[in-house]
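Novice: Below are the structure tokens for one structure; questions will follow.
The values are calculated or read from the model by the stated rules, or taken from the named source; none is laboratory data. No experiment lies behind these values; they were computed from the predicted model shown. In this analysis, Cβ positions are derived from the backbone assuming ideal geometry, glycine residues included, and neighbour counts consider all displayed protein chains.
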Amino acid sequence: MAGTLNRIPIHELCNTSSPGSAGVSLAGRRQAERWTALRVGGREWNFHMTRDASPPTAPPDRRHDWPFFAALAILSSVYIALIGAMLVADLSFTTPHHLFRALASPEIQYSIKLSLVSCTLTTLLSLWVAVPTGYLMSRFRFPGKRLMDAILDIPIVLPPLVIGLSLLILFQTPIGRVIQKVVPVTYAIPSVILAQFAVACAFAVRTMLVTFDQISPRCEQVALTLGCYRSQAFWRVALPEARRGVLTAATLAWARSLGEFGPILIFSGATRMRTEVLPTTVFLELSIGNIEAAVAVSLIMIVAALAVLTIARLFGLRPQLERVL
């Protein structure tokens, strides 16, 4: 190439504030960031400059972020303070004497036993349905999948009283009456388990769906290429990988069953020593004006819920819980 190649300094393209000043005006700086000139053989060529030509910028002043973090802390602490205030109010309202007297009551002892048994059976039934349903929804595409996904969320968004009323009407149909001739359901112990299952299973299904979505299907595909059947790949590869999700689903189903009240009240009733569980015990004690016993039973449920959440945290299930809740 003939001629000499000389780069024009950037400060010559900029309008300085004064002839002897080193400062650069805003218009000159913008011009310098956009263009540079090369003089080749007496001609002047303009080229578009890259972002590297801009002067380095100073790091932002983090002192201006404190109002944002203060707002986050205030909004979060308001809700946390509300929960803490409710727990303190329950503790201050009752005494250990009221708690021990409530635990000595035969009705409350029966409700505790029935709650533990029904919640455990509901959890097992929920897992029996949630694991294959979550695997089906995660791994396969089929007609009506979106409709099925929406139907599975109905128990989560419906009011609990509506679920109980729907179950009650279901067992007044001809099919429901045939079932009741074989196994009494309405206003009996099976109705408690069915009412809890109708709500808790939806949370377990959603948990297992999220769990299988987080597991790569590549290992299952390798197992299939090595001669495994689809069922063998599920039992030997997918299910062991989903063990934490299974435990998370069981935790959520058990905790949700423990606090279920609306469907049980409509579908099972609140009969002493028959269909009485812990939530209905609180209702019955309030209805007769025994507030101390109601608060004592409430504290038992709070302790049970805290124990379940603690177990979930100890087993490292927090990521799965956050994805679902």
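Novice: So, restricting to helices (runs of 4 or more DSSP H) that lie completely within the stretch 147-218, which ones have at least 2 residues that are among the basic types (Lys, Arg) and in the same structural domain as Arg272 (by TED's automatic domain parsing)?
Specialist: The qualifying helices (runs of 4 or more DSSP H) are 174-182.
Novice: Quick one: in the stretch 86-100, of everything that is under 28 Å from the mean Cα position of the chain (by Cα) and farther than 13 Å from Ile300 by Cα, which residue is surrounded by the most Cβ atoms within 10 Å (Cβ to Cβ)?
Specialist: In this case the residue turns out to be Met86.
Novice: I've got another one for you. Quick check on this structure: which one of Ala304, Ala253 is surrounded by 14 or more Cβ atoms within 10 Å (Cβ to Cβ), assigned to a helix (DSSP H, G or I) and at pLDDT 90 or above?
Specialist: Going through Ala304, Ala253 in turn, the sole match is Ala253.
Novice: Can you tell me which residue among Leu82, Leu72, Leu114, Leu99 is at pLDDT 90 or above, within 21 Å of Leu258 (Cα to Cα) and of a type outside the set (Lys, Arg)?
Specialist: Checking each option against the conditions leaves just Leu114.
Novice: Condition first: in contact with a helix residue (DSSP H, G or I) (Cβ under 7 Å, 6 or more places away or on another chain) and free of Cβ contacts under 8 Å to residues at least 60 places away in the same chain. Can you find one or more residues in the stretch 265-274 that meet it?
Specialist: Yes, the stretch 265-274 contains a residue that is in contact with a helix residue (DSSP H, G or I) (Cβ under 7 Å, 6 or more places away or on another chain) and free of Cβ contacts under 8 Å to residues at least 60 places away in the same chain.
Novice: Over 13 Å from Val295 (Cβ atoms), of a type in the set (Ser, Thr, Tyr) and not assigned by TED's automatic domain parsing to the domain that holds Ile302 - does that describe any residue in the stretch 79-101?
Specialist: Yes, the stretch 79-101 contains at least one residue that is over 13 Å from Val295 (Cβ atoms), of a type in the set (Ser, Thr, Tyr) and not assigned by TED's automatic domain parsing to the domain that holds Ile302.
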